[in-house]
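Asker: Next up is a structure, given as structure tokens.
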Amino acid sequence: SGVPPCLAGPKRGSKAMKRVLFGAALAMAAAPALGEEFRVGGGLTSLGPVVEGVRPLSERFALRGQLIGGLSVTVNSTFGLGGSDYDIDGSAHLGGVMVLDDYHPLASGWRISGGLFVSKSDLEADFVGPVTFSGEIRPEPQLAAVLTTGYTHALNDTWMLSADIGAIFSQLRVRTANTSPDVLREVELINDDLDNLPVLPFASVTFSYIW
């Protein structure tokens, strides 16, 4: 028998994911600091709190790693999904790991950044509407490209303020283990509705210390 469409999805914890993160960590550790020292800091993002490290590679390039989230939030609200109202009651887990290559085209505080995001976010909940089922909402693919633009401002010799806005090229998807034809039809309608959001907005504000 085939796997229902709502059950299909990328597997977590892939070897490719681990290779990306391991390679980025090695590059940050080995890269020479040109023009400024390693920076470490923290702040807030649209996915929760963040801890980040920045390793300059040259006057115009830097490598940035972010550990985001670690939050669990209770959700009990009504949402319009698939043309119907659903009462959703569950727990959302927010977080992930982001690796970015920062490019400063004017050798100034303004930057354009591209990289990868490994999502650890999901919402496990009961969905009560035209049909009732248990399932989850999560971003797919979980290993996704990221594109942002931002600015870093030096507050003094040791502290910097930084902000970014951009998008994660991933979409929200509803998945369920329920095999009822009525539920599967409704999940398909909900996912068709979620197609209207082709990317996930992302924003962050951080303070960092220059070592």
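Asker: Residues of the stretch 187-207 with amide nitrogen under 19 Å from the 7 Å Cα-to-Cβ point of Leu71?
Answerer: 200-207
Asker: Over 20 Å apart: what share of the alpha carbon pairs of the stretch 95-173 falls there, rounded to a whole percent?
Answerer: Tail of the P(r) past 20 Å holds 50 percent of the pairs.
Asker: Also: Between Asp193 and Asp126, what length in nm is gained on full extension when 0.36 nm per residue of separation is reduced by their alpha carbon distance?
Answerer: So the chain would gain 22.3 nm between Asp193 and Asp126.
Asker: If you roll a 1.4 Å probe over the stretch 110-201 with all protein chains in place, what percent of the accessible area is carbon or sulfur?
Answerer: 62
Asker: Also: If you roll a 1.4 Å probe over the heavy atoms of the protein chains, what accessible area per residue do you get for the stretch 84-125, in Å²?
Answerer: Accessible area per residue, the stretch 84-125: 38 Å².
Asker: Kindly report, to the nearest 10 Å², the accessible surface of Asp85 as traced by a 1.4 Å probe over protein heavy atoms only.
Answerer: Asp85 has an accessible surface of roughly 110 Å² with all protein chains in place.
The values are calculated or read from the model by the stated rules, or taken from the named source; none is laboratory data. No experiment lies behind these values; they were computed from the predicted model shown. When we count neighbours, we look across all protein chains shown, and the Cβ atoms used for this are built from the backbone with ideal geometry, even at glycine. Note: areas computed on protein heavy atoms with side chains; ligands, DNA, RNA excluded. Shrake-Rupley method; radii C 1.70, N 1.55, O 1.52, S 1.80 Å.
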